[in-house]
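Here is the structure we will look at.
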Amino acid sequence: MTRRLARPRAGRLAFAAAAIAMQVIGGCGSVPQTHFHSLMPPPVAVAKPLTAAGPLAWEVLPVGVPAQVDQPQWVVRADDDSLAVLEQERWIAPLGDEIRAVVTGQLNRVVGPALPPGPARDAWRVRIDAQRFDSAPGRYAQIEAAWTITSSGAGAASLTCRGVFSEPVGAGFPALAAGHRKAVQRLADAVAEEVRSLAEGRGPGCSG
């Protein structure tokens, strides 16, 4: 009887050992987790729009980004200035769409929601070209951009600006993403303030 009981016990032990071995093998061959990041700021209480210039018709056109970084995977700069593509660190949406959304959100807060163009209302258009988008983990997040603000009104002012927005970042990829959010927000702040200034007739002046 003892031998009969021992055999099933040995069988159970062998089965448990095999199961543990399969878990170990499965863990070694598992696919690394992909992390997604966004340039959009976290939700905050929306401040009352500053609409001293009156309701405005405005539009942010599609944003241009460098071909080298126009992909979901992060392209980062190493200490020796070589570039690496990180498969597991990705943007949640195309960079151009993300930048456009941040600028649009800031214009909503500063000048109010966009109104449709009309006979008595000029339409302001913002065109942004992100000429560089540099990611250096543990060092900096930087965007260099040029932007043009034009109006459909006869004889209305227009403005072309350029700026470099750089933020120091700590170690880790979340810190790098946070640095890019700050840099893009600074760009959005500059664009929104300039649209408001032009619409109020205060004259052109780049704040980037």
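Key figures for this structure:
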| read-out | value |
| --- | --- |
| Sequence ranges 92-101, 32-41, 75-84, ranked by mean other-Cβ count within 10 angstrom, highest first | 92-101, 32-41, 75-84 |
| Label point distance in nm, Q68-D97, each placed 7 Å from Cα along Cα→Cβ | 2.5 nm |
| Principal axis dimensions, the stretch 35-199 - Cα atoms, whole angstrom, descending | 54, 32, 23 |
| 5 angstrom amide H check on A123, placed H, neighbours 5+ away | S152, G153 |
| Pair D81, R127: separation of 7 Å Cα→Cβ label points (nm) | 3.2 nm |
| Karplus-derived HN-Hα couplings along the stretch 168-173 (A = 6.51, B = -1.76, C = 1.60, θ = phi - 60°), whole Hz, x at Gly and Pro | x, 10, x, 6, x, 6 |
| Gain in span if fully extended, E200 to L115, counting 0.36 nm per residue against the direct Cα distance | 29.0 nm |
| Under Karplus coefficients 6.51, -1.76 and 1.60, residue-wise ³J(HN,Hα) of the stretch 193-201 in Hz, glycine/proline x | 5, 6, 4, 4, 5, 5, 5, 8, x |
| Projected label distance in nm at L61 and A146, using a 7 Å step from Cα toward the beta-carbon | 1.3 nm |
| L56 long-range amide H proximity, modeled H, under 5 Å | L115 |
| Net lengthening on full extension, R90/F36 (0.36 nm per residue, minus Cα-Cα) | 18.9 nm |
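Values quoted throughout were computed directly from the atomic coordinates according to the rules given, and no laboratory measurement underlies them. Small disclaimer: the values here were computed from a predicted structure and weren't measured. Counting neighbours? That spans all protein chains shown, and the Cβs are built from the backbone with ideal geometry, glycine included.
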